[in-house]
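A.B. asks: Take a look at this one; I'll ask things after.
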Amino acid sequence: MRQSAGNGNGASAADLDKLYEALDARLADSDSRLLERYPGESTRRQPVHTVYVPADRVHAGLAREWGEQAARALRDFAPDAASLAAATGLDAAAVAECLPRVHNKLRAEPIEDLRVDLEDGYGNRPDDEEDAHVVAAARALCADLGSGQAPPYFGVRMKGMEAAGRRRGMRTLAMFLDTLLEGAGELPEGLRVTLPKITSVHQVEAMVWVAEELEKRLGLAAGRLGFELQIETPQSILAPDGTAAVARMIHAGAGRDGGPGRVTALHYGTYDYSAACGVTAAFQSMAHPAADHAKAVMQVAAAGTGVWLSDGATNVLPVGSAEQVHAAWKLHAGLVRRSLEHAYYQGWDMHPHQLPTRYLATFGFFREAFAPAAERLKAYIDASGGGVLDEPATAQALASALVRGLRCGALDEGEVTAATGMETAALTALAGRRVG
């Protein structure tokens, strides 16, 4: 049997130190690349949804109007908690607990993320018409910024990098940014740009180049312009060589010479993707197996990068008769809940009447998670054990669930601090800590 190091029969301490140093040197580049490519989860607030509105319908006060329409829909079609629970299929006790929060949300912050749509929801129009709508929409957002009514996040979805629309898309983006700068004096912190219809990594690289050029022309700091990738084509999931294209797209967003990361989020496009996979219209859904496969690939590709994930939308809108509204609410609430269970904490909303079920299902999810997550996290922090032995990564996930609940309005700071013994700042730091 070999004896312990340093007794003359095995490796000396000095020899081992040299081995350790050589090992560190051997893996230094790999360590650096890992930290650069996988910095960990973002500590910024992620919105629970993105509302897409065609540019010609965007006006000052839009978010407030959506909140008022949503509240009116509740009064008209489900005036109390019992009727809303029956309409949505959600647990009656959870609905009763969350409904006051939903009403508060619709008054205070009805839209968390607004996207001015100049792509599919807007269509192809003459240049002078689109120019006018781009400028008017950007000015409306500036007006809402000035009055304190702007959503925390907002931005534009222009036409993408396809040959037929790329010049129009880049013209729209430049005009939108220029008008924001003119009206607000600077680009708002919550600005978002969505790049649709991506079919190759080259298009992402081209968008990085466009961002760099626009920064120079507009006098912006290098790296200021990020963008979201809308994953709505099979080519954005699987490359011709069989690799995961979306993973390469995320890292292509780092720019030239290892510059700042540009890609901020991946948004799944339900209907374009499903149609491209041959799914007939009657079966196109966020819950279709083709959708689940795409979103699973997106999830693995984004893990640890700080890039947010967003699910898509349902095109079954809560309009018409009470029966039709209730059916659409039930579908929407179930899909929102399903996305949350699959760790997709954001989705699309297309109509004001979808706001009640977005917030109701989201608040219910985080309030249901609250007590067990707080108990397990406190046990982990106190090292007191308990019935479950959690690892650091799980503790981070528990903290993240509580922070998400706080940020959207499902939870209150006082109750979270009392249950965990942690202030919000410490909880947020734990949620964003890089594990591994």
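The values are calculated or read from the model by the stated rules, or taken from the named source; none is laboratory data. All values reported here derive from a predicted model rather than from experimental measurement. All Cβ positions, even for glycine, are placed from backbone atoms using ideal geometry, and neighbour counts span all protein chains on display. Accessible surface areas use protein heavy atoms only, side chains included; no ligands, DNA or RNA. Shrake-Rupley method; radii C 1.70, N 1.55, O 1.52, S 1.80 Å.
A.B. asks: Quick check on this structure: which one of Arg101, Arg139 is open to solvent by 20 Å² or more (accessible area, probe 1.4 Å), farther than 23 Å from Asp272 by Cβ and in contact with a Ser or Thr (Cβ under 8 Å, 6 or more places away or on another chain)?
C.D. replies: On the way: Arg101 fails: in contact with a Ser or Thr (Cβ under 8 Å, 6 or more places away or on another chain).
Selected residue: Arg139, the only one of Arg101, Arg139 that is open to solvent by 20 Å² or more (accessible area, probe 1.4 Å), farther than 23 Å from Asp272 by Cβ and in contact with a Ser or Thr (Cβ under 8 Å, 6 or more places away or on another chain).
A.B. asks: Answer yes or no as to whether Gly223 is in contact with a Pro (Cβ under 8 Å, 6 or more places away or on another chain), in a loop (DSSP other than H, G, I, E, B), within 25 Å of Ala55 (Cα to Cα) and not charged (D, E, K, R).
C.D. replies: Working: in contact with a Pro (Cβ under 8 Å, 6 or more places away or on another chain): yes; in a loop (DSSP other than H, G, I, E, B): yes; within 25 Å of Ala55 (Cα to Cα): no; not charged (D, E, K, R): yes.
Taking the combined requirement at face value, the residue does not satisfy it.
A.B. asks: Shifting gears a bit: Arg44 is checked against (1) within 20 Å of Leu340 (Cα to Cα); (2) in a helix (DSSP H, G or I) and fails just one. What number does that condition carry?
C.D. replies: Every condition holds for Arg44 apart from (2).
A.B. asks: Can you confirm whether Ala379 is open to solvent by less than 40 Å² (accessible area, probe 1.4 Å) and touching a residue at least 12 places away in the same chain (Cβ under 8 Å)?
C.D. replies: Values: open to solvent by less than 40 Å² (accessible area, probe 1.4 Å): yes; touching a residue at least 12 places away in the same chain (Cβ under 8 Å): no.
So Ala379 does not fit the description; no.
A.B. asks: What pairs come out if I take residues in region 396-415 that are touching a residue at least 40 places away in the same chain (Cβ under 8 Å) and pair them with residues that are of a type in the set (Ser, Thr, Tyr) whose C-beta lies under 7 Å away, six or more apart or interchain?
C.D. replies: Arg404/Tyr345; Cys408/Thr362; Ala410/Thr362
A.B. asks: Given the residues Glu205, Glu212, Glu232, Glu228, which is the only one that is closer than 21 Å to Ala290 by Cβ and of a type in the set (Asp, Glu)? Show your work before the answer.
C.D. replies: Numbers: Glu205 fails: closer than 21 Å to Ala290 by Cβ; Glu212 fails: closer than 21 Å to Ala290 by Cβ; Glu228 fails: closer than 21 Å to Ala290 by Cβ.
Being closer than 21 Å to Ala290 by Cβ and of a type in the set (Asp, Glu) holds for just one of Glu205, Glu212, Glu232, Glu228, which is Glu232.
A.B. asks: On the given criteria, is Phe176 in contact with a Leu (Cβ under 7 Å, 6 or more places away or on another chain), of a type in the set (Phe, Trp, Tyr), open to solvent by less than 10 Å² (accessible area, probe 1.4 Å) and touching a residue at least 12 places away in the same chain (Cβ under 8 Å)? Please lay out each step first, then the result.
C.D. replies: Working: in contact with a Leu (Cβ under 7 Å, 6 or more places away or on another chain): no; of a type in the set (Phe, Trp, Tyr): yes; open to solvent by less than 10 Å² (accessible area, probe 1.4 Å): yes; touching a residue at least 12 places away in the same chain (Cβ under 8 Å): yes.
Answer is no for this residue.
A.B. asks: State whether one or more residues within region 198-218 are assigned to a strand (DSSP E or B), among the polar types (S, T, N, Q) and open to solvent by 10 Å² or more (accessible area, probe 1.4 Å).
C.D. replies: Step one: filter region 198-218 for residues assigned to a strand (DSSP E or B), giving none.
Checking region 198-218: not a single residue is assigned to a strand (DSSP E or B), among the polar types (S, T, N, Q) and open to solvent by 10 Å² or more (accessible area, probe 1.4 Å).
A.B. asks: Can you go through Val319, Val297, Val336, Val325 and tell me which one is open to solvent by 50 Å² or more (accessible area, probe 1.4 Å) and either among the charged types (D, E, K, R) or in contact (Cβ under 8 Å) with a residue 24 or more places away in the chain (or both)? Break it down stepwise before answering.
C.D. replies: Working: Val297 fails: open to solvent by 50 Å² or more (accessible area, probe 1.4 Å); Val336 fails: open to solvent by 50 Å² or more (accessible area, probe 1.4 Å); Val325 fails: open to solvent by 50 Å² or more (accessible area, probe 1.4 Å).
Only one candidate qualifies: Val319.
A.B. asks: Please enumerate the residues belonging to region 104-120 that are open to solvent by 10 Å² or more (accessible area, probe 1.4 Å) and either closer than 30 Å to Arg166 by Cα or of a type in the set (Val, Ile, Thr) (or both).
C.D. replies: Within region 104-120, Glu119, Asp120 meet the criteria.
A.B. asks: Please work out which one of (1) over 18 Å from the mean Cα position of the chain (by Cα); (2) farther than 16 Å from Leu90 by Cβ is the condition His342 fails and give its number.
C.D. replies: Unmet condition: (1).
A.B. asks: OK, next. Do the conditions hold for Gly67, that is, is it out of contact with any Phe, Trp or Tyr (no Cβ under 6 Å at 6 or more places or on another chain), surrounded by fewer than 21 Cβ atoms within 10 Å (Cβ to Cβ) and over 25 Å from Leu266 (Cβ atoms)? Step through it out loud before you land on a result.
C.D. replies: Values: out of contact with any Phe, Trp or Tyr (no Cβ under 6 Å at 6 or more places or on another chain): yes; surrounded by fewer than 21 Cβ atoms within 10 Å (Cβ to Cβ): yes; over 25 Å from Leu266 (Cβ atoms): yes.
It is true that Gly67 is out of contact with any Phe, Trp or Tyr (no Cβ under 6 Å at 6 or more places or on another chain), surrounded by fewer than 21 Cβ atoms within 10 Å (Cβ to Cβ) and over 25 Å from Leu266 (Cβ atoms).
A.B. asks: What is the one condition in (1) over 18 Å from the mean Cα position of the chain (by Cα); (2) within 30 Å of Leu187 (Cβ to Cβ) that Ala275 does not satisfy?
C.D. replies: Failed condition: (2).
Results for (1) in contact with a Gly (Cβ under 9 Å, 6 or more places away or on another chain); (2) closer than 22 Å to Arg367 by Cα, shown as yes or no for each residue.
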site	(1), (2)
Glu68	no, no
Arg72	no, no
Ala82	no, yes
Ala86	no, yes
Ala93	no, yes
Lys105	yes, yes
Glu112	no, yes
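A.B. asks: In the set Arg115, Arg167, which member is assigned to a strand (DSSP E or B) and not hydroxyl-bearing (Ser, Thr, Tyr)? Before the answer, list the steps.
C.D. replies: Numbers: Arg167 fails: assigned to a strand (DSSP E or B).
Arg115 is the lone residue from the list that is assigned to a strand (DSSP E or B) and not hydroxyl-bearing (Ser, Thr, Tyr).
A.B. asks: Could you list, in sequence order, all residues of region 258-294 that are in contact with a Phe, Trp or Tyr (Cβ under 9 Å, 6 or more places away or on another chain), open to solvent by less than 50 Å² (accessible area, probe 1.4 Å) and part of a helix (DSSP H, G or I)?
C.D. replies: Passing the criteria: Thr270, Ser274, Ala290, Ala291, Ala294.
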